[in-house]
Amino acid sequence: MGTSLTPEFWERFVLLLFAAMGVTIVLTAFFDALALRTARRRAQMPTQPPTAPSTARVRPPSGETSRRTPVNH
């Protein structure tokens, strides 16, 4: 036994179809703008060359005499 598609079905179908298309278009535009903003932000960031490690010593190695003048009280 077959059923026919009623006009009420087609009205709801068209309404849901256009609602889904609208949501898809809005979300696509939002994510495109977000991706473009991210790409532009990355392109504007100044790239700094990597810095060489510091060669300054914090403590003298063990066995080396200190260059400070001793204070005797």
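The values are calculated or read from the model by the stated rules, or taken from the named source; none is laboratory data. Note that this is a predicted model, so its numbers are computed, not measured. Heads up: the accessible areas ignore ligands, DNA and RNA and are worked out on the full protein's heavy atoms, side chains in. Shrake-Rupley method; radii C 1.70, N 1.55, O 1.52, S 1.80 Å.
Quick rundown of the values:
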read-out	value
Some residue of the stretch 2-22 being outside any helix (DSSP H, G or I), open to solvent by 90 Å² or more (accessible area, probe 1.4 Å) and at pLDDT below 75	no
From the options 43, 56, 33, residue that is open to solvent by less than 100 Å² (accessible area, probe 1.4 Å), of a type outside the set (Phe, Trp, Tyr), at pLDDT below 95 and part of a helix (DSSP H, G or I)	43
